[in-house]
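*Asks:* Handing you this structure, nothing more for now.
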Number of protein chains: 2
Amino acid sequence: MTNVFHHSLPQQIADKITKQIMTGDLMPGEKIIESNYASEYGTSRAPIREALYLLATEGLVERIPRKGTIVKGFSQSEINDLLDIRMTLEKMAMKRIQSASDHQSCLIKMEDLVEQMGATLHDEKQYALLNQEFHMTIIRMSQSNVIHELYQKLSKQLLSLQLLSFLEGEHIQKSYEEHQTIIHLLKNKQFDEASSLLEDHNQAVITRLNLQFKSPTK
Amino acid sequence: MTNVFHHSLPQQIADKITKQIMTGDLMPGEKIIESNYASEYGTSRAPIREALYLLATEGLVERIPRKGTIVKGFSQSEINDLLDIRMTLEKMAMKRIQSASDHQSCLIKMEDLVEQMGATLHDEKQYALLNQEFHMTIIRMSQSNVIHELYQKLSKQLLSLQLLSFLEGEHIQKSYEEHQTIIHLLKNKQFDEASSLLEDHNQAVITRLNLQFKSPTK
DNA sequence: TTATCCCAAAATGTCGACAAACGACCATGG
DNA sequence: CCATGGTCGTTTGTCGACATTTTGGGATAA
């Protein structure tokens, strides 16, 4: 019984590499060499390969035949697209919530998350994670597997860019209040209002992102 | 120089399996056993594994650790979601076309496609492919990689269900006229009108699909 | 100096074999 | 009769080795 339960070996390796990407330990465009990781983890190349495939399905790396696999990078316009589509998915989810029924448990979870967020206003990274979880809960309320998976994939890609936490960070206080408002609107079943608030928020992020790109504060 | 140029071996195998899925040779839920395909193609299991991963990336199969890989199936509501999201992407693409510039070449291609469609009204399968290509051209006009890739993935999944060609088939004549109208609207830069026509068309497909499910004409 | 060719090192692709896990069947016991 | 447990064939997971391809550098010639 040498093996672990929760995840298969390739999944574990994929998780670790994911973390490396998220923390900036691996930068976009960087090459991931199988044999390096193989010797690092004391395995053969097969599980590493498998892990890289997993990351490719999540869109975090790109596998180019006979060239290798590199950490995926995104252009400015691609990031815009990712944010835009993700927002659209969230609005779709919002529409479907109106017909679903078990909002209660999700709302409770969201209130809990916002409470945690209130206690984490100082820690941008942590706040970003809670924020992510908050929105994921909205998505789950729609009870749509397809939307959920797509949203998760897009979020993971965006998270890998380490841009969001920074962008949100400048306006944490405002964001925090917005989330409280969203819960309030959902409780009162004012779905359209909640939807447009989400849209405004996302648009603001996109706008800030574009400004960010135009003035490289470096 | 024994190898082929255009595609790597795993890609070729993936293409063949894709065809098997699209033609119904492999049914949803069916298990794909690596060693079978290995001996069939005269290779070892490694390239097969790679091919299966490619298919997983495209969402055509599902890999379950230590269980194997099965052809992915979709519930009715999941199919609805796929159609809905795909339509949303198409509307997003439409919005962006307004700011792009090189519409001309795409419009020409679309006119060519519609012409071919006119000559293929009798062949549902072929018509569905041309139809698919038509919409893909609209997507390309948006010049967004992200939208393009997502749209392609969703379309491939829907295509694998062999439902669309059947659904469209009943209304080919109407569909044909609609496509002509779309080109006309795009030429006159009436993007909003084109967008809502697309929405109507897609909604009609979804509605028909749901009726289809409620009355199993079998 | 620069361009080109060639070669060696490194990295990915493929292979066959073995290990571990899963699933089905059968036997056994209640 | 049903539930339990073991056994065995099948299938996936992992390994190490070899083949093929790419890459980078250095020698040579213009």
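The values are calculated or read from the model by the stated rules, or taken from the named source; none is laboratory data. Just so you know, these numbers come straight off a predicted model, no measurement behind them. As a convention, Cβ positions derive from the backbone with ideal geometry for all residues, glycine included, and neighbour counts pool all protein chains shown. Accessible surface areas use protein heavy atoms only, side chains included; no ligands, DNA or RNA. Shrake-Rupley method; radii C 1.70, N 1.55, O 1.52, S 1.80 Å.
*Asks:* Carbon-plus-sulfur fraction of the accessible area of the range A:76-214, 1.4 Å probe, in percent?
*Replies:* 49
*Asks:* Same structure, new question: Which far-off residues, 5 or more places away or on another chain, put their amide H under 5 Å from the one on residue A:123, with H placed in the peptide plane?
*Replies:* none
*Asks:* Which translational diffusion coefficient, to the nearest whole µm²/s, is obtained for the range A:46-94 from the Stokes-Einstein equation, given a Kirkwood hydrodynamic radius over C-alpha pairs, 37 °C and 0.692 mPa s?
*Replies:* Working: Rh = 12.6 Å.
Rounded, D is 261 µm²/s.
*Asks:* Amide H of residue A:74 versus every other amide H placed in the peptide plane: which residues, excluding those fewer than 5 positions away on the same chain, fall under 5 Å?
*Replies:* Correct list: empty.
*Asks:* Just from the alpha-carbon atoms, what are the Rg and Dmax of the range B:9-71 in angstroms?
*Replies:* Expressed in Å, the Cα Rg and Dmax of the range B:9-71 come to 10.4, 28.
*Asks:* Given contacts defined as C-alpha pairs under 8 Å and at least six residues apart, what's the relative contact order of chain B, whole-number percent?
*Replies:* 22
*Asks:* Residues of the range A:23-55 losing 20 Å² or more of accessible area relative to the isolated chain, 1.4 Å probe, heavy atoms only?
*Replies:* Output list: A:50, A:53.
*Asks:* How many Å³ per residue does the convex hull of the Cα positions in the protein assembly as shown occupy? Could the numbers behind the result be given before it?
*Replies:* On the way: hull volume 86.4 nm³, N = 436.
Value for the protein assembly as shown: 198 Å³ per residue.
*Asks:* Find every distance from the label point of residue A:67 to the corresponding label point in the other copies (7 Å from Cα along Cα→Cβ) and write them in nm, one decimal, shortest first.
*Replies:* The answer, with the shortest distance listed first, is 3.5 nm.
*Asks:* Relative contact order of the range A:9-71, please, whole-number percent, based on alpha carbon pairs below 8 angstrom and at least 6 residues apart.
*Replies:* Numbers: 62 pairs, mean separation 26.2, N = 63.
The value is 42 percent.
*Asks:* What is the range A:101-218's relative contact order, in percent, from Cα pairs under 8 angstrom and six or more apart in sequence?
*Replies:* Relative CO of the range A:101-218 lands at 26 percent.
*Asks:* Could you run the Karplus curve 6.51 cos²θ - 1.76 cosθ + 1.60 with θ = phi - 60° over the range B:26-41 and give me ³J(HN,Hα) per residue in whole Hz, x for Gly and Pro?
*Replies:* Calculated HN-Hα couplings, in order: 10, 9, x, x, 5, 8, 10, 9, 4, 5, 4, 5, 4, 5, 4, 9 Hz.
*Asks:* Turning to a different aspect of this structure: On a 0 to 90 degree scale, rounded to 10, what angle separates helix B:191-214 from the longest Cα axis of chain B?
*Replies:* In chain B, helix B:191-214 runs at an angle near 50 degrees to the longest axis.
*Asks:* Which FRET efficiency value, to the nearest 0.05, do you get for residue B:122 and residue A:122 by plugging their Cβ-Cβ distance into 1/(1 + (r/R0)^6) with R0 = 56 Å?
*Replies:* 0.25
*Asks:* So what's the projected area for the range B:137-177, the Cα convex hull averaged over all directions, in nm²? Numbers along the way, then the final one.
*Replies:* Details: hull surface 13.5 nm².
For the range B:137-177, the mean projected area of the Cα convex hull comes to 3.4 nm².
*Asks:* Right, next: In µm²/s, what is D for the range A:76-214 at 25 °C and 0.890 mPa s, where D = kT/(6 pi eta Rh) by Stokes-Einstein and Rh is the Kirkwood radius from Cα pairs?
*Replies:* Values: Rh = 15.1 Å.
The Stokes-Einstein estimate is 162 µm²/s.
*Asks:* Given Cβ point charges of +1 (Lys, Arg) and -1 (Asp, Glu) and nothing else, what value in debye, to the nearest 20, does the dipole of the range B:9-71 about its Cα centre take?
*Replies:* 220
*Asks:* Per residue of the range B:128-135, in order, report the coupling 6.51 cos²θ - 1.76 cosθ + 1.60 (Karplus, θ = phi - 60°) as ³J(HN,Hα) in whole Hz, putting x for Gly and Pro.
*Replies:* Once θ is set to phi - 60°, the couplings for the range B:128-135 become 4, 5, 4, 4, 4, 5, 4, 5 Hz.
*Asks:* Using only the alpha carbons, work out the radius of gyration and Dmax of the range A:97-151 in angstrom.
*Replies:* Expressed in Å, the Cα Rg and Dmax of the range A:97-151 come to 12.3, 37.
*Asks:* Also: Using alpha carbon centroids, what distance separates the range A:164-209 and the range B:165-213, in Å?
*Replies:* Rounded to whole Å, the Cα centres lie 35 Å apart.
*Asks:* Which entries in the list A:67/B:16; A:67/A:91; A:19/B:31; A:156/B:189; A:109/A:174 go over 31 Å, if you measure between the two C-alpha atoms of each?
*Replies:* A:67/A:91; A:19/B:31; A:156/B:189
*Asks:* Could you state the accessible area per residue of the range B:1-149 in Å², with a 1.4 Å probe and every protein chain left in place? Before the final figure, lay out each step's value.
*Replies:* On the way: 7710 Å² over 149 residues.
Using a 1.4 Å probe on heavy atoms only, each residue of the range B:1-149 averages 52 Å².
*Asks:* Just subtract the alpha-carbon distance of residue A:136 and residue A:16 from 0.36 nm times their residue separation and send over the number in nm, one decimal.
*Replies:* 41.0 nm
*Asks:* Right, next: Using a probe radius of 1.4 Å on protein heavy atoms only, what is the accessible area buried between chains A and B, both sides summed, to the nearest 100 Å²? Before the final figure, lay out the partial values.
*Replies:* Values: alone 12350 and 12390 Å², together 22640 Å².
Result for this pair: about 2100 Å² buried.
*Asks:* Do the sum for chain A: with -39,500 (n - 2.57) for every DSSP H run of n ≥ 4, divided by all residues, what is the mean residue ellipticity at 222 nm, to the nearest 500 deg cm²/dmol?
*Replies:* Dividing the helical sum by the residues of chain A leaves -23000 deg cm²/dmol.
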